[in-house]
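To start, the structure under review is shown below, and the notes come after it.
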Amino acid sequence: MLIDSFDSLLLDLDGVVYRGKKAIAGAVESITKAQRLGKSVGYITNNASRTPSQIAMQLREFGISVEDHQIIGSARAAAKLLAGKIPSGSKVLVVGGEGLRTEVEALGFSLVASSEELPSAVIQGFSPEVGWKDLAEAAFAIQNGAIWIATNQDWTLPLEKGIAPGNGTLVGAVHTAVGILPEFAGKPFRPIFDSALSELGFQKPLVIGDRLDTDIKGAVAAGLESAAVLTGIAGNKELLGAKSDERPNYILTDLSELFSDYPKPKRTKSSVSFGQSEVEIIGDRLMISAGNPSAVDTIRAATDLVWSSGRPIYGLQVDAKLLGE
C-alpha cells in the first residue's frame, strides 16, 4: 500500500477532508483506517478564520479522532512570524477571524481596530466577515508605516456551493491600494511547514493537498513527498500545466487510494503507461492510446509523460478527453 512508505500524514483540510461543513466522501473512513494502521495524522491549513479547537471540534463531529494540537494553522505561523519582528505588547491591526485574533493575543500583542491608533503591524487572514472597511483600515495603516503579514495567498476556497474567493483575493485588494505585498506565513512558505514538523514530531510524512500552488509547492520546498487529491481545486488541467516546483509525487482520486499499491509507470521514448492507461506524444499531439479517459491512471500517465518531456503544455495539442472535456 502507498501509505506503508510513510510514518504519518499531513493533510490539508479544505478540499481534502471537507468542503465547507460537509465531509468529503470516504475521507473520514480513510483517516480512521490510517490511524488504526498506526499512522500519525496532522492537519495543516491556510484557513485562519477559526481556532484549532473549533476545527478539531468539526472533525470530531465527522467522527474523526483528533486533538487540538494536531491542527497546524497559518494563523499561528503568522503570529509567530510577527513575534520575530516587533516587541510583545505592540499594537496590531488584525484583519481576519477569531482564529487569527486568538493567536495574536496569545503572543501578547495589543489588538486595535483602527489605523488611527497607529498599529506597528497589520496581520491579515481569511474570514467571511471581512469587508471593505477592514481592508481600507489595513491599507491606511500600511501606508502609515505598519509592517504587513498575511496568513496565506490562496486565491480561492472550495465550498459546498462551489469555488469562492479566498484570502489571496482580499490581500490583492489591499495590495492594489498600497502597492506592496505582505510577507506570507502559510503554505507554500516555510514557516507553517516548520511549525508542523517541530510541533508534531513527524519524521517521514506524506503531505496531501488539493492545491498545487500552496499544498504541493510548499511540500516540494520543504523537501517532503506529496500527493494531490482530485476532490478540491486541482484537476487534470492544473496537473498537466503544473510548474516544476508544483508537481506532486502521487495523484490520488481521494484519500481511499492511500490503501492501494501505487502503480509504477512503464515508459518508452514517446509514451507512458500506468495500469491499463497509456498516453503518448506524437508530433505535437498529446493523446490517449489506451484506457479509460476518466481513470486516474490516465492522468497519472499523462502528467508523467508531459513533465518528463521538457515540453510546455501550451506547446502541445492536448486530447480534449485528457482535460475532462
Scan segment 179-200 and report the pairs whose first residue is in contact (Cβ under 8 Å) with a residue 60 or more places away in the chain and farther than 22 Å from S40 by Cα and whose second residue is assigned to a helix (DSSP H, G or I) and among the polar types (S, T, N, Q), with Cβ atoms within less than 8 Å and a gap of 6+ or a chain change.
A185/S74
Only residues that are among the aliphatic types (A, V, I, L, M), out of contact with any strand residue (DSSP E or B) (no Cβ under 9 Å at 6 or more places or on another chain) and either under 30 Å from K22 (Cα atoms) or at pLDDT below 95 (or both): list them for segment 129-183, please.
A173
Quick one: G63 ticks every box in (1) in contact with a Leu (Cβ under 9 Å, 6 or more places away or on another chain); (2) in contact (Cβ under 8 Å) with a residue 12 or more places away in the chain; (3) of a type outside the set (A, V, I, L, M, F, W, C) bar one, so which box is it?
(1)
Qualifying positions in segment 200-228 - out of contact with any Gly (no Cβ under 6 Å at 6 or more places or on another chain), acidic (D, E) and either closer than 20 Å to F259 by Cα or crowded, with 24+ Cβ neighbours inside 10 Å (or both)
E225
Given the condition surrounded by fewer than 20 Cβ atoms within 10 Å (Cβ to Cβ) and under 22 Å from D194 (Cβ atoms), answer yes or no: does some residue in segment 119-131 qualify?
no
Could you please find all residues in segment 141-172 being assigned to a helix (DSSP H, G or I) and surrounded by 17 or more Cβ atoms within 10 Å (Cβ to Cβ)?
A141, I142, N167, G168, L170, V171
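For segment 100-140, how many residues meet the condition of being part of a helix (DSSP H, G or I) and either in contact with a helix residue (DSSP H, G or I) (Cβ under 7 Å, 6 or more places away or on another chain) or among the small types (G, A, S) (or both)?
Count: 11.
To keep it simple, each residue is scored yes or no on (1) without any contact (Cβ under 8 Å) to a residue 60 or more places away in the chain; (2) under 16 Å from L258 (Cβ atoms); (3) out of contact with any Gly (no Cβ under 8 Å at 6 or more places or on another chain).
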| position | (1), (2), (3) |
| --- | --- |
| L10 | no, yes, no |
| D14 | no, no, no |
| G20 | no, no, yes |
| A27 | no, yes, yes |
| I31 | no, yes, yes |
| Q35 | yes, yes, yes |
| N47 | no, no, no |
| T51 | yes, no, no |
| I55 | yes, no, no |
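The values are calculated or read from the model by the stated rules, or taken from the named source; none is laboratory data. Everything quoted here is computed from the prediction, not taken from an experiment. Ideal geometry is used to build each Cβ from the backbone, glycine not excepted, and the neighbour counts take in all protein chains shown.
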